[in-house]
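Take a look at the structure set out below.
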Amino acid sequence: MDLGIRGRRALVSASSKGLGRGVAEALAAAGVDLVLNARGQAALAATAAEITGRYGVRVLAVAGDITDAGACAEVLAAAGAVDILVTNAGGPPPGHWSDWSRDDFLRAIDANMLTPVALMQACLPGMIAQGWGRVVNITSAAVKSPIAELGLSNTARAGLTGFVAGTARQVARHGVTINNLLPGLHATDRATALDAGAAAKAGITPVEAAARRAASIPAGRYGTAAEFGAACAFLCSAHAGYIIGQNILLDGGAANATF
Ligand code: NAP
């Protein structure tokens with residue numbers, strides 16, 4: 001399917017690896033020019049070079065911590081006007097509700113709620129002015145089906161979800177869509193780190209922990225960054241203009257719910 005977005009320009013934050021990179025690759029395959037971001041310069045430069053080489057699109061790589069207000073402003077300034085915004089950042093660490101301090105909550109809220117809000121506030125006016133735009137926030141299945149040890153993530157992302165619910169309906173009449181994609185378990189570095197934590201807790205190997213977690217998913221496996229990217233690219237496509245303010249689970253059926 002031609003996604004109808006060839007020649008558009010997208011900013012994808014936190015995109016040198018994992019789900020963000022999956023999104024960047026899928027948008028590049030659809031002919032979208034990219035602004036990529038991550039903290040680590042070397043992996044970011046390598047990803048940018050590989051994507052340019054493979055898809056022939058223009059790629060600008062801007063290193064910096066997207067959750068830092070100053071670095072975020074630099075990324076936005078370098079990006080300039082964009083048609084598509086995909087917000088992403090690292091997830092908070094696991095833990096226990098009794099241990100989290102006010103500072104832990106503030107860090108999580110900054111990273112996984114206020115940073116995507118700031119990115120949207122910066123990019124939406126230009127999209128509204130031109131009468132077309134696409135925003136997808138990478139959140140988490142934990143918004144719908146809480147993961148107790150990821151309570152910092154559950155909390156911060158629930159706030160983002162509330163912001164999107166109202167705002168998506170305010171900008172929709174200008175041809176701008178905002179939706180959230182909720183990943184369940186996907187095979188990325190983040191999942192490997194969480195597997196290692198689960199293994200240490202259960203006294204088993206990380207491979208055993210990953211096998212147990214995969215077996216608990218109806219699809220019987222972790223998702224891939226490529227699958228995630230393809231779903232995101234569709235939400236960014238010309239065909240998705242009537243999908244507004246939705247929270248779409250990509251979890252292999254893991255959330256056991258009728259709706
Ligand atoms: P990942 O494999 O660890 O990749 C994270 C990417 O984001 C890397 O390119 C990393 O590069 C970059 N990054 C991280 N923090 C950043 C920051 N502060 N500023 C700029 N770039 C940053 O993670 P992932 O699995 O793709 O996860 C992406 C998001 O989805 C996270 O919020 C995660 O919590 C959420 N999620 C993932 C899963 C899953 O199963 N994978 C499930 C639910 C939710 P640098 O380290 O060089 O900055």
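Bear in mind that the values in this text are calculations on the coordinates, not laboratory data. Keep in mind that this is a model prediction, so the values were computed, not measured. Neighbour counts are summed over all protein chains in view; Cβ atoms, including those assigned to glycine, are modelled from backbone coordinates with ideal geometry.
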Along segment 83-99, what does the Karplus equation 6.51 cos²θ - 1.76 cosθ + 1.60 (θ = phi - 60°) give for ³J(HN,Hα), rounded to whole Hz, x for Gly and Pro?
-> 8, 10, 10, 10, 9, 7, 7, x, x, x, x, x, x, 10, 3, 6, 9
In debye to the nearest 20, the charge dipole size for the chain, taken about the Cα centre with +1 at each Lys and Arg Cβ and -1 at each Asp and Glu Cβ, equals 460
Backbone N within segment 78-117 under 16 Å of label point (7 Å from Leu60 Cα along the Cβ vector) = 78-86
Ranked from highest to lowest mean number of other Cβ atoms within 10 Å per residue, what is the order of the peptides 33-41, 141-149?
-> 33-41, 141-149
Cα pair distances of the chain binned at 10 Å [whole percent] = 7, 31, 38, 20, 4, 0
For the residue pair Arg213 and Asp110, what label-to-label distance in nm results when each label sits 7 Å from Cα along the Cα-to-beta-carbon direction?
-> 2.6
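Sum up the charges of everything whose Cβ sits under 12 Å from the Cβ of Ala46, counting Lys and Arg as +1 and Asp and Glu as -1, but leave Ala46 out.
For residues surrounding Ala46, the net value is +1.
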Using the alpha-carbon atoms, what tilt in degrees (0 to 90, nearest 10) does helix 115-130 show relative to the longest principal axis of the chain?
-> 30
Segment 108-235, convex hull of Cα, quarter of hull surface, nm² -> 8.4
Using the alpha-carbon atoms, what tilt in degrees (0 to 90, nearest 10) does helix 18-29 show relative to the longest principal axis of the chain?
-> 30
In deg cm²/dmol, rounded to the nearest 500, the helical mean residue ellipticity at 222 nm of the chain, built from -39500 (n - 2.57) for every DSSP H run of length 4 or more, is -14500 deg cm²/dmol
Distance in nm between pseudo-label sites at Ala226 and Asp189 (7 Å out along the Cβ direction from Cα) = 2.1
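Suppose the chain between Ser101 and Ala73 were pulled fully straight at 0.36 nm per residue; how much longer would it get relative to their current alpha carbon spacing?
Values: separation 28, 0.36 × 28 = 10.08 nm, distance 2.76 nm.
Result for the pair: 7.3 nm of gain on full extension.
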